[in-house]
Amino acid sequence: MVRDNLKLFLNSIPKEVTLVAVSKTKPVELIQQAYDAGQRVFGENKAQDLAAKYPLLPNDINWHFIGHLQRNKIKYIAPFVHCIHGIDSLRLLKEVNKLATKHNRIIKCLLQFYIAKEETKFGLSYEEATAILEDSSFPELTHIHISGVMGMASYTDDETQVLNEFKQLSDYFHRLKSKYFCDDEQFKEISMGMSGDYKLAISAGSTMIRIGTSIFGSRNY
Ligand SMILES: *Cc1c(COP(=O)(O)O)cnc(C)c1O
């Protein structure tokens, strides 16, 4: 099942787009099936769940944290997490840097932007993001690397709106790239697109899609 879903899915997206297989709420057996089919990048949105699964699965998995991260939960994932998608404040970034330093690692981080027309979605405005990058303490954060941006579109059937929100994020990425990261080849990711809207996201320039339901089936909470 998982294997077939994965194969079908990978055939339907461009090779340059990274697939983050979102395994939240799913048992390690299903994650192992996806791993055995060749998948190496997985996403979880609860720090403790991720910390519990990590030791039970192969250690060459690239674990991405995709949810809202509380500062007091970073410790659970700092020893091994590859990339954190939900950076929405300087305080959070500093704390990630502190724990990454403690573990002698560099953790990739994506700045999460608020692009949806919904009250519930977390994220930065463009001005808030530039304030982080221009803060006098930012150059001291040597154990995080800002690798790009992340965002979630509104949950709506209005494809024009969703596409416009993704284009907005793409535009933020290119503005930040030219202003702060033009010499930084590692600043390259636009993480956008989920099972319901990944095609629109890819058409707007996504480099990284986060797919749960289409690979692992629907979730029972
Ligand atoms: C759950 C989740 C996804 C995956 O959603 P699906 O609709 O199951 O593909 C992607 N991104 C984030 C941030 C999520 O929390």
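The values are calculated or read from the model by the stated rules, or taken from the named source; none is laboratory data. All values derive from a computational prediction rather than experimental measurement. Here the Cβ is made from the backbone with ideal geometry for all residues, glycine too, and neighbour counts use every protein chain on show.
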Candidate set: segment 67-91, residues that are away from the ligand (no atom under 16 Å from the Cβ) and among the polar types (S, T, N, Q); chosen: the one surrounded by the fewest Cβ atoms within 10 Å (Cβ to Cβ): N72
Any chance L69 is in a loop (DSSP other than H, G, I, E, B) and without any contact (Cβ under 8 Å) to a residue 40 or more places away in the chain: yes
Boolean, K53 is more than 13 Å from the ligand (Cβ to nearest atom), of a type in the set (K, R) and within 20 Å of I211 (Cα to Cα): yes
Any hit, segment 119-131, residues being within 13 Å of the ligand (Cβ to nearest atom) and loosely packed, with under 14 Cβ neighbours inside 10 Å: yes
Index of the failed condition, I146 passing every other in (1) under 24 Å from N5 (Cβ atoms); (2) under 17 Å from the mean Cα position of the chain (by Cα): (1)
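Residue-by-condition table, conditions (1) within 16 Å of the ligand (Cβ to nearest atom); (2) not in a helix (DSSP H, G or I):
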| site | (1), (2) |
| --- | --- |
| G148 | yes, yes |
| D157 | yes, yes |
| Q161 | no, no |
| N164 | no, no |
| K177 | no, no |
| G193 | yes, yes |
| I202 | yes, no |
Some residue of segment 37-50 being surrounded by fewer than 14 Cβ atoms within 10 Å (Cβ to Cβ), of a type in the set (A, V, I, L, M, F, W, C) and touching a helix residue (DSSP H, G or I) at 6+ places or on another chain (Cβ under 8 Å): no
Test: residue in segment 196-213 that is touching a residue at least 24 places away in the same chain (Cβ under 8 Å), of a type in the set (D, E) and either surrounded by fewer than 16 Cβ atoms within 10 Å (Cβ to Cβ) or more than 23 Å from V2 (Cβ to Cβ) (or both): no
Filtered residues of segment 204-221 (kept if more than 15 Å from P14 (Cα to Cα), in a loop (DSSP other than H, G, I, E, B) and not hydroxyl-bearing (S, T, Y)): G212, G217, R219, N220
Long-range neighbours under 8 Å by Cβ, at least six apart or interchain, first residue within 17 Å of F113 (Cβ to Cβ) and β-branched (V, I, T) within segment 125-142, second modelled with pLDDT of 95 or more and part of a loop (DSSP other than H, G, I, E, B): I132/S89
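Yes or no, residue by residue, for (1) within 24 Å of D171 (Cα to Cα); (2) at pLDDT 95 or above:
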{"site": "L56", "(1), (2)": "no, yes"}
{"site": "D60", "(1), (2)": "no, yes"}
{"site": "H64", "(1), (2)": "yes, yes"}
{"site": "G67", "(1), (2)": "yes, no"}
{"site": "N72", "(1), (2)": "no, yes"}
{"site": "P79", "(1), (2)": "no, yes"}
{"site": "L99", "(1), (2)": "no, yes"}
{"site": "H103", "(1), (2)": "no, yes"}
{"site": "I106", "(1), (2)": "no, yes"}
Contacts under 7 angstrom Cβ, first residue in segment 22-46 being modelled with pLDDT of 95 or more, partner in a helix (DSSP H, G or I) and near the ligand (Cβ under 10 Å from one of its atoms), 6 or more apart: S23/F216; K26/F216; L30/F216; A34/I215
Selection within segment 13-38 - away from the ligand (no atom under 14 Å from the Cβ) and either part of a strand (DSSP E or B) or not aliphatic (A, V, I, L, M) (or both): P14, K15, E16, P27, E29, Q32, Q33, Y35, D36, G38
Criterion: over 30 Å from P79 (Cβ atoms), touching a strand residue (DSSP E or B) at 6+ places or on another chain (Cβ under 7 Å) and crowded, with 21+ Cβ neighbours inside 10 Å - qualifying residue of I115, I144: I115
